[in-house]
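Read-outs throughout are calculated quantities, based only on the coordinates presented, and are distinct from any laboratory measurement. Only a predicted model underlies this, so the values are computations on that prediction, with no experimental measurement involved. Because the Cβ atoms are built from the backbone with ideal geometry, glycine has one as well, and the counts that use them run over all protein chains shown.
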Amino acid sequence: MGKVVHFEIHVDDMERAKKFYGEAFDWTFEDWSEYAGMPYLGATTGDADAMGINGALMKRMGPPPQPGQPVNGSVCTIGVGDYDATEAKILSLGGQVALPKYALPGMAWQGYYIDTENNVIGIHQPDENAK
């Protein structure tokens with residue numbers, strides 16, 4: 001069985017995306033551009049002992065997804081502790097609602113957003129009382 005061990009988010013503007021993900025989710029970044037041979041920022045997404053993976057922001061090599069277009073890649077869903085506060089950060093940083101918050105009954109709150117680079121991302125707050 002193959003487990004996802006790394007992700008890459010394709011971006012048009014590295015500094016704008018770094019600000020968005022850094023401020024919305026408290027990610028930190030390390031410049032791996034020399035190693036990758038292209039603009040590439042390694043992303044640390046949380047404590048090494050916590051569930052989840054790390055990834056990177058990389059320079060998009062083609063046109064970005066267009067509004068109304070179906071997802072043409074993978075969607076990263078990010079675990080959060082406070083859905084509403086995270087949504088407020090996303091919106092204040094230039095993100096947009098793609099699919100509003102909804103309950104996964106007895107499990108979590110879920111929703112989808114468009115980041116500053118026109119990528120769809122999800123946020124997920126575990127809550128056994130969600131309904």
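Brief remarks on what is shown
- Listed residues 79, 37, 111, most fluctuating in the chain (Gaussian network, C-alpha, under 10 Å): 37
- Across the chain, the relative contact order, built from alpha-carbon pairs under 8 Å that are at least six residues apart, equals 23 percent.
- Each label point was placed 7 Å from the Cα along the Cα-to-Cβ direction; for residue 103 and residue 7 their separation is 2.6 nm.
- Tail fraction, Cα-Cα pairs, the chain, threshold 25 Å, whole percent: 25 percent
- Potential lengthening between residue 96 and residue 28 on full extension [0.36 nm per residue; Cα-Cα distance subtracted]: 22.3 nm
- Structure-based [θ]222 nm, the chain - -39500 (n - 2.57) summed over DSSP H runs of at least 4, per residue, nearest 500: -5500 deg cm²/dmol
- For residue 76, nonlocal amide neighbours, meaning residues 5 or more places apart or on other chains whose placed amide H falls under 5 Å from its own, are 122.
- Cross-link pairs beyond the 28 Å C-alpha cut-off, checked among 3/89; 18/101; 3/59: 3/89
- When DSSP beta bridges are restricted to pairs lying wholly in the chain, around 70% turn out antiparallel.
- Nearest-20 debye value, the chain charge dipole, Cβ charges on Lys, Arg, Asp, Glu: 420 debye
- Under-5 Å amide H pairs with residue 32, H placed in peptide plane, nonlocal only: 40, 41, 42
- Residue exposure proxy: 14, 1, 61, ordered by other Cβ atoms within 10 angstrom of their Cβ from fewest to most, comes out as 1, 61, 14.
- Charge dipole of segment 7-126 about the Cα centre (unit charges at C-beta), most positive-ward option of 72, 107, 40: 72
- Taking amide H positions as modeled 1.01 Å from N, with prolines and chain starts lacking one, the residues under 5 Å from residue 130 and 5 or more places away or on another chain are 106, 107, 108.
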